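Novice: Shown below is the structure under consideration.
Values quoted throughout were computed directly from the atomic coordinates according to the rules given, and no laboratory measurement underlies them. The structure displayed is predicted, hence computed values, not measured ones. Counting neighbours? That spans all protein chains shown, and the Cβs are built from the backbone with ideal geometry, glycine included.
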Amino acid sequence: MEKISVFLDDYRKAPDGYVLVETIDECLELLQNFDIEHLSLDHDLLNKTRNGFMLVQKMVKEKLFANRITIHSANSVGGKAMYNCLKQAQRNLTMSPAIIVSLRPLPLKFFPSKVLQHYIDIR
């Protein structure tokens, strides 16, 4: 199975080498059909009722994970809820404790090179 890295966001541009998806349905399809090396998730999407937290809940329910997951949402409440849901799945052993889960909010407009270093360093 082909390995890819996925960036879920409806506003920001994806880092080089990442597949950009804008909806949770697109993201779920990739999780079901590819080996995801790194999955980077936003909370707030254009569809206000289908956000990143809903995606994380579906991922846990269906046991669809990546080798590394980053929550990059600038929404501090939504991002923390997503992070906590994934960490709880690890504590419950629904998700492997070996999966790296990070909470690294990204600014909406400008990405300083040090901010994007997280995407370059851990591959």
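Novice: Of all residues in region 56-84, how many are surrounded by 20 or more Cβ atoms within 10 Å (Cβ to Cβ) and without any contact (Cβ under 8 Å) to a residue 40 or more places away in the chain?
Specialist: 8
Novice: Name the single residue, out of those in region 12-55 being within 12 Å of the chain's Cα centre (by Cα) and touching a residue at least 40 places away in the same chain (Cβ under 8 Å), that is surrounded by the fewest Cβ atoms within 10 Å (Cβ to Cβ).
Specialist: The residue in question is E37.
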